[in-house]
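Q: Encoded as structure tokens, here's the structure I'll be asking about.
Derivation of every value follows stated rules applied to the coordinates shown; laboratory data play no part. Just so you know, these numbers come straight off a predicted model, no measurement behind them. Cβ atoms come from the backbone with ideal geometry, glycine included; neighbour counts cover every protein chain shown.
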Amino acid sequence: MNPPVQLLLLGSSAPDLATSAYGPFVVETVARLDDVSAELDQQRYDAIVLQLPSTASLAAWTGLARAVLESAVVVVVPEPEAVDALRLLRLGVQDVLPQRELVGVGALARVLRLAVERKRLERGARKAYATDLATGLPNHAQFMEHMTHLLALREREPAAMALLAVSIDGLAATEARLGAEAANVLRRKVAVRLRSGLRASDVVAAIGVDSFAVMLAWIDDPEDSNRVAAKLAASLQRPFSVTGQDVAVAVRLGVARYPDQGKDADSLLRLALGQAGDVNALGRVGLAPRGGSPAANDE
């Protein structure tokens, strides 16, 4: 039996969904695009059907970027123009259909089930492609995609955010002294320590061999970003246990704040990386002396 599809439906009801072989479907209906955004605040849906008079209203809907991030979005309009359909597909919509194609019993159910399965395959492929294999963190491309979606959400729901760039000194020295695998172990442990020092809603990514990025999904005060940066810097200066050795790294951090210092992913990341490159490194590189703070395994 197929797993239930959690469906959010904008527009008229679809009575054939309940009996279709492509089901089962658990359907929630709403009347307006703003209601779709409100529902996405409450739960995640496998599929979203937007039945609209035309595609024009989607151009001004800031919720589309968020909707296509996790859901299979299908747009149904009376007679879609080819140029509009192609534009929506490039924005992440799974399908754009004329209303007349959905008159048959089970037609919408079939379209939705296939769209959901395509979305699952796409998500799996994106995850495999977008993961830094050494750390298990999102890579640069995935981080930029996530930032873009989050910034689109902030256009609808304004809130301050901050991006931290973290540059690590000591990975090359560890590789020279202990070998390539030891350097990979150290990099993974840096990633674990970064992740453990943040909220579940914050995003950590590996954007280079010795560089990481942290997106603070919201901050109540601009100084919060500086406090988090200081906490992460202090955490990373504690020794790491690598192949039986206590290894120390130095860290440089840069901070860029949204919206005061930038409103797009590229400019925020460039600013944070530039700051990280201009400051003095905190800590020392090399084998940590015995008798100091004990090294953590960071597994």
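Q: Among 172, 6, 72, pick out the residue whose Cα is farthest towards the positive end of the charge dipole of the chain, where Lys and Arg carry +1 and Asp and Glu carry -1 on C-beta, about the Cα centre.
A: Farthest towards the positive end: 172.
Q: For a quick check: with amide H placed at 1.01 Å from N, whose amide H comes under 5 Å from residue 282's, ignoring anything fewer than 5 positions away on the same chain?
A: 251, 252
Q: Also, quick follow-up: Which order do the peptides 275-283, 233-241 take when ranked by the mean count of other beta-carbon atoms within 10 Å per residue, highest first?
A: Working: 275-283: 14.8, 233-241: 18.7.
The most tightly packed comes first, giving 233-241, 275-283.
Q: How do 198-204, 2-8, 142-148 rank on mean C-beta neighbours within 10 Å, highest first?
A: On the way: 198-204: 14.6, 2-8: 17.1, 142-148: 19.1.
Going from most to least packed, we get 142-148, 2-8, 198-204.
Q: Could you size up the charge dipole of the range 5-129 around its Cα centre, putting +1 on the beta carbon of Lys and Arg and -1 on that of Asp and Glu, and report it in debye to the nearest 20? Could the numbers behind the result be given before it?
A: Values: 14 positive and 15 negative charges, 106 e Å.
For this selection, approximately 500 debye.
Q: Residue 70: net charge of surrounding residues, Cβ under 9 Å, Lys/Arg +1, Asp/Glu -1, itself excluded?
A: Values: positive: 44, 66, 119, 123; negative: 46.
Taking every other residue near residue 70 into account, the sum is +3.
Q: Quick one: putting +1 on the C-beta of Lys and Arg, -1 on the C-beta of Asp and Glu, what dipole do you get for the chain around its Cα centre, in Debye to the nearest 20?
A: Value, rounded to 20: 860 debye.
Q: Long-range amide H contacts for residue 76: which residues qualify at under 5 Å (H placed 1.01 Å from N, peptide plane, sequence gap of 5 or more or a different chain)?
A: The list, which skips near neighbours in sequence, is 50, 51, 52, 97.
Q: What number in nm² do you get for the chain if you take the convex hull of its Cα atoms and divide its surface by four?
A: Working: hull surface 72.0 nm².
Convex hull of Cα atoms, orientation-averaged projection: 18.0 nm².
Q: Ok, one more. Between the helical axis of 107-129 and the dominant principal axis of the chain, each derived from Cα atoms, what acute angle in degrees is found, rounded to the nearest 10?
A: Tilt relative to the chain: about 10 degrees.
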